[in-house]
Structure formats: C-alpha cells, structure tokens
Amino acid sequence: GSLSYLSNQGIELSGVSEIINKYYSKSVTIVGAAKDNKVLGIFALADSLKPDAPRVIQALNNLGLKTILLSGDNAQTAKTIANLAGITAVKAELLPQDKINEIKKLQDAGHTVIMVGDGINDAPALKQADVGIAIGTGTDIAMDAADITLVQGKLQGLLSSIILSRALFRKIKQNLFWAFFYNMVAIPLAMLGILNPVIAESAMALSSMSVVTNSLRLKKIKLE
C-alpha cells in the first residue's frame with residue numbers, strides 16, 4: 001500500500017527512508033510491501049501522460065472550463081503531472097472520499113462538475129459528479145460508475161463530447177424559439193381569419209423543414 005497506509009498500520013519505514021527519499025525527488029508514486037510489520041520492498045511507480053492531454057487541456061481552458069487535478073499521488077508527483085498537462089489547480093494525496101468531498105464543494109458553489117477517471121478509486125467520484133466520464137482503457141468499475149465511456153481511451157473524445165453537447169443545446173434552443181415564434185404569430189392570425197388555412201398549413205410544413213435543416217448543420221461542426 002501507500003507509505004501513509006503502511007505508517008498508519010504501525011510499520012516502521014525508517015530503515016528504507018534513504019530509498020524513499022531518492023525516488024520521492026523523482027516525482028514518482030511510492031508504494032511498499034510489508035509482512036509481519038517488516039518492509040519487504042519499495043516500488044516506485046510513474047504515470048505516463050496521454051499524448052493528447054496538453055492539447056485537450058488547453059482547448060478546454062479556451063472553452064472557459066476550469067480544470068482541476070484530483071490525485072491520490074503525493075504532492076510532488078501530482079504537481080509534475082499537472083504541469084506537463086497544463087493544469088494549474090492540483091489536489092493531491094486524496095482518498096476516494098476526499099475526491100467526493102472536493103466535487104461536492106464545487107457543486108455547492110453552483111458549479112457543474114465533469115469528472116474524468118479510469119481507476120477503481122475514481123468510481124465514487126465519477127458517480128458523484130454531474131457527468132462522469134470513464135476512460136475506455138481503465139477499470140470496469142470506473143466504466144460502470146460513469147455516464148459516458150471514451151471507448152478508444154483518447155482524451156480527444158472528452159473535448160469532442162463537450163463541443164457537440166454545447167452545439168446540440170444551442171440548436172435545441174434555436175429550434176424551440178422558431179417553433180414558439182411561429183405558433184405565437186400564426187395561430188392568432190389563423191383564429192381571426194386573417195391567415196388563409198392553406199397558407200398556415202404550408203407555413204407549418206416550412207417551419208418543420210427549417211427545424212430539420214437547422215439540426216442537420218450539426219454535421220458541419222468541428223469536434224477539435
């Protein structure tokens with residue numbers, strides 16, 4: 001388990017402190033194995049950044065979204081990964097419940113939260129978020145807890161889904177506006193006999209066609 005977990009279990013780590021300090025400065029996650037209150041080994045684990053992460057994070061920032069890294073890793077490792085990805089806000093050494101609490105704080109402040117994760121420890125936070133997005137190459141538990149799964153495991157899917165959802169919502173509002181506008185204008189005129197029924201029927205068909213045509217424009221949206 002993690003060094004903090006081993007320490008809480010009463011396992012003495014002073015005998016391997018030199019090794020721990022050596023790897024801690026290299027921004028890696030350090031875990032240990034112990035038996036009968038004795039340390040058997042120390043393992044240094046390094047996370048590899050997805051190739052498209054910096055570009056996607058920059059694009060999200062350009063869309064006006066705030067990105068925060070919630071990590072169970074030590075502070076040094078989390079900050080290094082965040083710097084490489086272009087994330088300025090970092091919360092490190094978090095347990096699964098801590099991640100939930102951080103998301104709740106954002107929600108209580110009136111923010112809509114999207115959580116992206118792939119690990120077992122991310123599953124509760126994915127469930128708590130307004131929208132949970134799992135990486136397809138991650139664990140089954142994370143995918144079960146999420147609302148959306150990026151099947152190919154590429155972060156570009158996250159950016160594409162946000163761009164598409166925003167465009168779709170805009171189209172819905174546009175279509176509703178024109179539908180209500182037609183009904184508010186045409187129905188009273190038809191009731192007063194000012195608008196010929198044939199013309200009203202033709203206008204209704206034209207209104208429906210305009211809604212469909214406007215929706216088809218979604219195909220031209222660039223998802224990058």
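Structure notes:
- Cα-projected label distance for Asn214 with Ile187, points at 7 Å along beta-carbon direction, nm: 1.7 nm
- Cut-off 12 Å, label 7 Å out along Cα→Cβ of Ile194, residues of segment 162-188 by amide N: 185-188
- When the helices of the chain are scored as -39500 (n - 2.57) per DSSP H run of n ≥ 4 and the total is divided over every residue, the value at 222 nm lands at -16500 deg cm²/dmol.
- Two-site FRET efficiency, Asn37 against Asn62, from Cβ-Cβ distance with R₀ of 41 Å, rounded to 0.05: 0.20
- Tail beyond 13 Å, pair distance distribution of segment 3-45 (Cα, percent): 48 percent
- Prolate/oblate/rounded call for segment 53-158, Cα gyration tensor, a/c under 1.5 rounded: rounded
- Value of Rg/Rh across segment 58-104 [Cα atoms, Kirkwood radius]: 1.00
- The chain: most fluctuating residue of Gly32, Gly157, Gly110 per GNM, C-alpha cutoff 10 Å: Gly110
- Under DSSP loop assignment and at most 12 Cβ neighbours within 10 Å, longest trypsin sites (Lys or Arg not before Pro)-free interval of the chain: 67-221
- Neighbour net charge for Ala92 - beta-carbon separation under 12 angstrom, K R +1, D E -1: -1
- The rule of thumb for compact globular proteins, 2.2 N^0.38 Å, goes into the C-alpha radius of gyration of segment 160-220 1.40 times.
- Within a Gaussian network of the chain (alpha carbon springs, distance under 10 Å), most fluctuating of Glu12, Glu201, Glu102: Glu201
- Taking N as its residue count, the alpha carbon Rg of the chain over 2.2 N^0.38 Å: 1.51
Just so you know, all these numbers are worked out from the coordinates, no wet-lab data involved. Since we're looking at a predicted model, the values are computed, not measured. So basically every Cβ, Gly included, is an ideal-geometry build from the backbone, and we count neighbours across all protein chains shown.
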